[in-house]
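Let me begin by presenting the structure, written as structure tokens, before commenting on it.
What follows is calculated from the coordinates using simple rules that are stated; it is not laboratory data. For clarity, every value in this text was computed on a predicted model and none was experimentally measured. In this analysis, Cβ positions are derived from the backbone assuming ideal geometry, glycine residues included, and neighbour counts consider all displayed protein chains.
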Amino acid sequence: MTEHVKLTQDGAVQEIVFARPDKKNALSNAMYRAATEALNTAQKNPAIRVVLFAAEGDAFTAGNDLADFASAAAGKADLAAHDFIEALGSADKPIVAAVPGLAVGVGTTMLLHCDLVYLAEGAKLSTPFVNLALVPEAASSMLLPARIGHARAFAMFALGESISAAEAFSLGLANKVLPKDEVLPAARQAAKTLTTRPLGAIVATKKLMRDKDRILARMDEESAVFAQRLQTDEAREAFKAFAERRQPDFMKLAS
């Protein structure tokens, strides 16, 4: 476990809180493992009926810790992100998200697996995978275009364009946009309301709304390409540029 993921059970609600605010809640391998274990345990625990993701500070998560990415690109470490993503895709119980601010990469793609999403007014959502010479994950290459259309999704992936909380709401990515201090209370209230509903009916409804097999298959496809991309010269240039605090120069590389 890690001190950067805090777990609290409130009645039948399991809260999983990203608690690394000094790093904008960037997700390290240890954080992924802790969140994965908590999510899988909640799915198996009959006392838990709803999972709530939240975060400390002004950001939901800045996405993967790029130091872990760089280590993986150098062949020095594996990434723990896929197990977390797969746990999200496999979850049958409802998941609620309280997003206080910035949501980058997996911070946005994981919302596609949450059943209720509450955003702070100042939240920004982005999926700049191509900026790092990578590809989308969490089945977002399928789910995001299906939700907001190909053109807008491609701009988010390939141009790194972000969308505001208001835009996310209008595009159907969130249930409500609220002042920051109202986001977590609203998400908690929604989670508690869900606990009073018949869980069997909720699980059956969620299964009907999601093609789990197709989602998990796309996750595996993305993961394989993602792993290949990490070993490319483009990815090495992206992470080297990040470490050197400069813009990457992909034009000098062969396609």
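If you keep only loop residues by DSSP, which trypsin sites (Lys or Arg not before Pro) in the range 37-125 have at most 13 other Cβ atoms within 10 Å of their Cβ?
On the way: sites: Lys44, Arg49, Lys76, Lys124; in loops: Arg49, Lys76.
Those that pass, being in a loop and sparsely packed, are Lys76.
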Rg in Å to one decimal, and Dmax rounded to a whole Å, for the range 1-106 via C-alpha atoms: 13.5, 44
Label-zone membership for the range 112-155, site Arg197, 7 angstrom Cα→C-beta point, backbone N under 13 Å: 115-117
Cα-Cα separations in the range 46-143 greater than 23 Å, expressed as whole percent: 28
Helix 180-195 vs. the chain, principal-axis angle (Cα, 0 to 90°, nearest 10): 50
Cα centroid of the range 216-232 to Cα centroid of the range 120-157, whole Å: 16
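Using a ≥ b ≥ c from the Cα gyration tensor of the range 147-226 (square roots of the eigenvalues), is it rounded, prolate or oblate, where a/c under 1.5 gives rounded and otherwise the larger of a/b and b/c decides, a/b for prolate? Working shown, then result.
Numbers: a/c = 2.47, a/b = 1.18, b/c = 2.10.
In terms of gyration-tensor shape, oblate.
Between Glu3 and Asp83, how high is the FRET efficiency from 1/(1 + (r/R0)^6) when r is the Cβ-Cβ distance and R₀ = 22 Å? Nearest 0.05.
Working: r = 20 Å, r/R0 = 0.91.
FRET efficiency, Glu3 to Asp83: 0.65.
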Crossing angle, helix 81-90 versus the chain [Cα axis fit, 0-90 degrees, rounded to tens]: 40
Where labels lie 7 Å past Cα in the beta-carbon direction, separation of Arg214 and Arg245 in nm: 4.7
Fluctuation leader among Ala201, Ala174, Ala227 - the chain, Gaussian network, Cα springs under 10 angstrom: Ala201
Estimated [θ] at 222 nm from DSSP helical runs (n ≥ 4, -39500 (n - 2.57)) normalised by residues in the chain, nearest 500: -14000 deg cm²/dmol
With Cα atoms, 0 to 90° folded angle of helix 29-44 axis to the chain main axis: 30
